[in-house]
Structures are given as structure tokens and as C-alpha cells.
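Down below is the structure, laid out as C-alpha cells.
Readers should treat all values here as calculations from the given coordinates under stated rules, not as data from a laboratory. Quick caveat: nothing in here was measured; it's all calculated off a predicted structure. Every residue, glycine as well, gets a Cβ built from its backbone with ideal geometry; the counts of neighbours run over all protein chains shown.
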Amino acid sequence: MWKTALVVVVAGLLAGCQDSKKANEENFSMAIQRYLDTRDGLCVGVPGRVYPYQAEHDSPLIVEDRARLAALAKVGLLRQVGKEDAPRYELDANADTYLRRSNAEQSQGERDAFCTGRLVLDRISDFTEPASAGGFTVSQVNYVYHLADAAGWIKDSAVLDTYEDLRALTAQQVQGKARMILTNKGWVHQNLYR
């Protein structure tokens, strides 16, 4: 009787030992969520780097900046100061909670950003068979994720209207793609490969 129990326990343990180098949904899910956990949730670029900031001139880029500044002021991240015809913007007290300053180590681009929430993997849609590319074994993975625990300002209509891709990125299901690289420790997202 105890031999049967031992065989069942050993079989269960062996079944639980997952090969981290195998191309499958479980391994890709863990690797992609690890990558998503390194992100600052969903971010919107902040016009200007020094505050108070005034969007001067009338170029199309500055007009877009003005609309974004007004939207961020509406949701309480910036505060409008100065005259109505030439507004300047300062960071509001709420801004520190969400503001991520850009630097050479971050991948937010050259601008500071207001960020909120966390990105959560829902499922792996499909993936390519692993193949050799540039000396690496890689697989292209398509997946679905969503934004969780986000502050309400990210879905405010004023903010959504001024940031072109934001509606799609705040949807219940967002499509993502990742190139995964096989390492000696298993699969990693290409952005985390060092």
C-alpha cells in the first residue's frame, strides 16, 4: 500500500516539474507577466519637463500640447496658473503619485509621463514554433492583457480625447506581441534580455 502511495506522490512531483525551456503557454505566460510587471502600468507623456511650463507658439505640436495640458489639469494632475489667454501649468499635489521622470534607464521615451495601474496578462493567443534567429532561439508570442488598478483619470474623456492610442490601451482586452528569447534559465521577453 505504501509503495503505491509513494509511486503516486513521485508521479505527482514529476508532473509538477515543468521544463522552463519548453515552448508552451505556461512558460510564455510567466515570462510575459514578468515583463509586464516591470512596466509602470499605462503611461501618458507629459508635455514639458520644467514647471511651470507654458506651451508657446502656434505650431501643430504646441496646439496638441496645449490640449493635453488642459486635459491633465482637468483631471487634477496639473494646475493652470497665469492668464487664461496664456496659461502656464504647474504640477499639482496629486502629480507626484503618478509622475515618472524619464532618464536613460527607463523606456518611457524622452518625456516624463504620468503612469497608473498595472498590466495583467489574460492569456496567450498563439505563438510560433521556436526558431533560430541571429544566434538565438526565439518565438513570436501574441497575447491579451488588460490594465488593472488604474486611477480614474486615465479613462477621463478629456484625457482619452487628447492621447490618440489611449482608448485602445484602456480597453477590456488589449492585444500584445512579444519576441521571446530562450536562455539557459528559460524564456524571457526580448526587452528583459541582457
Legend entry - V63-T38 FRET efficiency (beta carbon distance; Förster radius 45 Å; 0.05 resolution): 0.85
Inset, instruction - For segment 152-194, compute Rh as the Kirkwood radius over C-alpha pairs and then the Stokes-Einstein diffusion coefficient at 20 °C and 1.002 mPa s; write the answer in µm²/s, rounded to an integer. - result: 166
Inset, instruction - Quick one: what are the phi-derived ³J(HN,Hα) couplings along segment 167-180, Karplus 6.51/-1.76/1.60 with θ = phi - 60°, whole Hz, x for glycine and proline? - result: 4, 5, 7, 9, 5, 5, 9, 10, 7, x, 10, 8, 9, 9
Inset, instruction - Using only C-alpha atoms and all pairs of different ones, pull out the Kirkwood radius for segment 117-169 in Å with one decimal. - result: 13.8
